[in-house]
Structure formats: C-alpha cells, structure tokens
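Working notes, structure below.
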Amino acid sequence: MDTRRTRTGTEAGTPAATSARAGRRLAAGTSAVALLALVGACAADPPQTRAARAALSVTAGAATGTATATPTPTPTATGPEADGEIPDGRAPSPFDTATPAVGNLDGPLREALQRAATDARAQRIEMTVTSGWRSKAYQQRLLDRAVTRYGSLEQARQFVNTPDKSAHVTGKAVDVGPTDADYWLIQHGARYGLCQVYANEIWHFELLTRPGGTCPALLQDAAG
Ligand SMILES: [Zn+2]
C-alpha cells in the first residue's frame, strides 16, 4: 500500500504522466484520427503483460476443459463460498450480490464495476467476477497453495498477497474475466476509476482514480 503510494507520487513527472497530459491536449485540440492513434498506442501491451495474457489463455483453456468434463457441479458447502471462494463452473456477474465474493466487495468498487459491465455488455463483452472479496482464511489458503506450487514464499508473493496486504480481503480488489473483458477494462477502466494494478495480472482491478482520471503506473507484481 505504502509502496504504491510512493511510486505513484514519484512518477508524477514520468513519460507516462507526460503522455497522459499530451493525450488530454490531443483530445481537446486535435482530430479524432490523432486521438484514435493515441488510444491504439495506449492499448499496446508491455511484453510481460503479453506473456501473462498468453499464460492466461492457456489456463482458461484448461479450465474450460475441466468444466466440460464435469458438467454437473457438486453442490458446494456454504463454508468455502461464504469465505469468498467461487465454486468451479460458476461465473457470477458484478450484479450477483448473493455471491459473497461479489456481495462483500467494497460498495464504490462494486458500483464502478457494475457501470463498466453495463457499458461493456453494450459492446457484447460479458464481464464476470472470477474472484472478489476473500476472507483472511481463504487468502491464506491461496497463499499456502501458491507456496506449494512455486516452491517458496518469496516466489509465491509475486502472485498472491498475504492476508494482511491483499486488497481482496478488504473487498477493494476484484479479478475480472474472461480475457476479452480484461482487455476491455484495461482500455476503458479509468473512465470508471478502475485500474489494472500489477503488470503480471491483467485480471486484477482496483478503484485507484476518480472516474475519468489517470491510473497509477503499473507495479511489476504483488511483491512490489
Ligand atoms: Zn486479484
């Protein structure tokens, strides 16, 4: 949290901020063609994000295969879902407030996401919540699994925060899917105050600016 604030503060005069200001001047003063060119440039992925997207596509493909193999999901006990887990095969929308992962999101974040989802749907992009609010216990389980998977806490922390640091635990972060919705939100999220936070997580968004504002520079990963 403090790290991000510091980085945001120190980057006020960086090329990114300068280019954002240039963008506003362009938007105000020059042709739509120039603006479109600028939007295109903003949509270009940094290489690490492209790699993350490729990895995500593979994961998404695998998940689809699993879902097809088990067409009838086992009824889930209320326990894990009450902790913010989203059962396999479920893809709640940002409006599905009966799902604790969505219903326990911080109000302003959820409302911003709902506005974005409504506009995305008008462009035939369906937005789902792949993970939202999480209890501390669930966050710890995720971290434990990541430590097993990546071999050390240090490695795991690049992908999963500790319960004390995760914005999911306070309901102030949401993971969005599928991939086309992530692309859409990366491009248009700032209109709603929603920002991608980590370069290696194209799906993770937080309310980090005012609607129409400028998102802080990306952090490399959750360990940053
Ligand atoms: Zn996340």
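The values are calculated or read from the model by the stated rules, or taken from the named source; none is laboratory data. Bear in mind the structure is a predicted one, so any value in this text is a computation, not a measurement. Counting neighbours? That spans all protein chains shown, and the Cβs are built from the backbone with ideal geometry, glycine included. When the accessible area is computed, the model is the full protein with side chains, heavy atoms only, and any ligands, DNA or RNA have been set aside. Shrake-Rupley method; radii C 1.70, N 1.55, O 1.52, S 1.80 Å.
Hey, what do the phi angles of segment 186-194 turn into as Karplus ³J(HN,Hα) couplings, whole Hz, using 6.51/-1.76/1.60 and θ = phi - 60°, x for Gly and Pro?
Couplings: 4, 6, 10, x, 4, 4, 10, x, 8 Hz.
Between Ala217 and Ala82, what is the FRET efficiency for a Förster distance of 45 Å, r being their Cβ-Cβ separation, to the nearest 0.05?
The computed FRET efficiency comes out at 0.80.
Go through Trp203, Trp184 and list them by solvent-accessible area, largest first, probe radius 1.4 Å.
From most exposed to least exposed: Trp203, Trp184.
Each label point is 7 Å from the Cα along the Cα-to-Cβ direction; what then is the distance between the points at Arg191 and Ser93, in nm?
According to this spin-label approximation, the distance is 1.8 nm.
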